[in-house]
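Novice: First, the structure itself, so that you have it in front of you.
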Amino acid sequence: MAKILVVEDDDFFREAICDYLTNKKFDVTPALNALVARKILGAQDFDVVITDIQMPGLTGIELLEWSKTNKPVPFIVMTGFSMLLETQSAFEMGAKEFLNKPFKNTELIAAIDRTLNVHKTFDVIVPTNEYCKVSIEEFVAKPKTDFDIFIKLSDTKYIKLANQGEEISQERVNHFKSKGVKHLYILKDDFTKLVKFNLKISELMKSSQNISNEKKMNFLKYTGEVILEKAFVKGIDQESFIDAQSFLNTTMEVIADSDEHFDLLNMLNTHSDLIYAHSLGVAMFSIMIAKQMGFASSSTYSKLSMAGMFHDIGKKEIDSTILEKPRHLLSFEERKIVESHVNRSKEILLGIRTVPEDIIQIISEHHEEIGGQGYPAHKSKKDFHPLSQILQCANLFTGQVLTSKNHVGLSGPDAIKYISRMYADKIDTVFLVALKKLFSGSVGN
Ligand SMILES: [Fe+2]
């Protein structure tokens, strides 16, 4: 019969756990708090300790720390969303299992079973690629979570910290932020709902088996490398860059689950390195500009990253010798061919029922200009989607900073100066100001 020490200062909760475990034929000892538990642990042997975290006098974490050097016993820690940082410390100190309060009896028994049979500990863990990283900002303004929320304890271990529908205090989220917690994790299916992709993952998972995992992994690895090598511009705010990169990688992982989207990305990838790097760069800089301007929702970032990735997809059918020619050397016909890529991008994406409508609008407007001088529809500012100018700005900027056959990439600050001079009447300055702030370390006033 396994011996269990239950440490909980809430009388009702402690008694409920003890009664239930006694009925299940465990040898249970209650402890009213961690100080009492420390004395009991010093005198008796136990197979498992189940402990609360927050208790007067001595916390569950301090008890775990004491046990580590004085009386090693496997610990199950009862935790919750409000205990995120403490849970991470408990994991680092070797706690075996975590129970997110309130938990079900079956979860309690499963955690005890796993702790007693240590080799089975990781059996129930959802594969790590099922999780998506989401900025903690996403949880700031919402009283209740729409999704189960997890934290990542290690590469193979995630634990659930809050259940769907649970109240999350804003004060707590702000506290985590002040302690440097930047991301929480949600399941991939929930991520697609959060960013309102119309991707039907469960349906698509079946067909996505056609793409080998190896191929996907190579693709995603390559993607990361391209972003790092080509889209990084010296002097840019490092934190914004890493944030945008992480969001883009998450989005791409989700996108790569759909065969149709994956094929599109792969087409860009194989057509030319420049288009691919350009597309990822536009996606990255769009996210960074949006963030700088105060947009804080994953939904906005995801629209922009998808729009960035697919905006030039129409170019995949245009010969690279024309695409690589400097604009002033293009003949009238060649210019028409190049400009046709916008409508062609739109047509291709309209053919994929899962690409949201507003993303298609943003893409259709990426070469429009505020005064109506752009193409293809000569729209003016009042008709733009509210996010279109962000993509326009990121597109102009990426075009200037990336090196191609006929263009030596400018530094970030020089590209901004160039765009400010050449496009002053074509794009609202507020977007350039946001871009400039990303280089506040290197651009003068
Ligand atoms: Fe374009």
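Novice: Of K325/K426; K24/K144; K381/K417; K177/K437, which sit over 28 Å apart, Cα to Cα?
Specialist: Violating the 28 Å Cα-Cα cut-off are K24/K144.
Novice: Could you put H328, H366 in order, starting from the residue whose Cβ has the fewest other Cβ atoms within 10 Å? Don't skip to the answer; put the middle values down first.
Specialist: Numbers: H328 6, H366 23.
Sorted ascending by nearby Cβ count, the order is H328, H366.
Novice: Give the order of F103, F139 when sorted by the count of other beta carbons within 10 angstrom, beginning with the fewest. Show your work: numbers first, answer last.
Specialist: Details: F103 18, F139 22.
Result, fewest neighbours first: F103, F139.
Novice: Can you put I40, I416 in order, fewest other beta carbons within 10 Å first? Walk me through the intermediate numbers first.
Specialist: On the way: I40 15, I416 24.
Least crowded to most crowded, the residues run I40, I416.
No lab work stands behind these numbers, since they all come straight from the coordinates. Bear in mind that the values here come from a model prediction, so they are computed numbers and not experimental data. Glycine also receives a Cβ, built like all others from the backbone with ideal geometry; neighbour counts cover every protein chain displayed.
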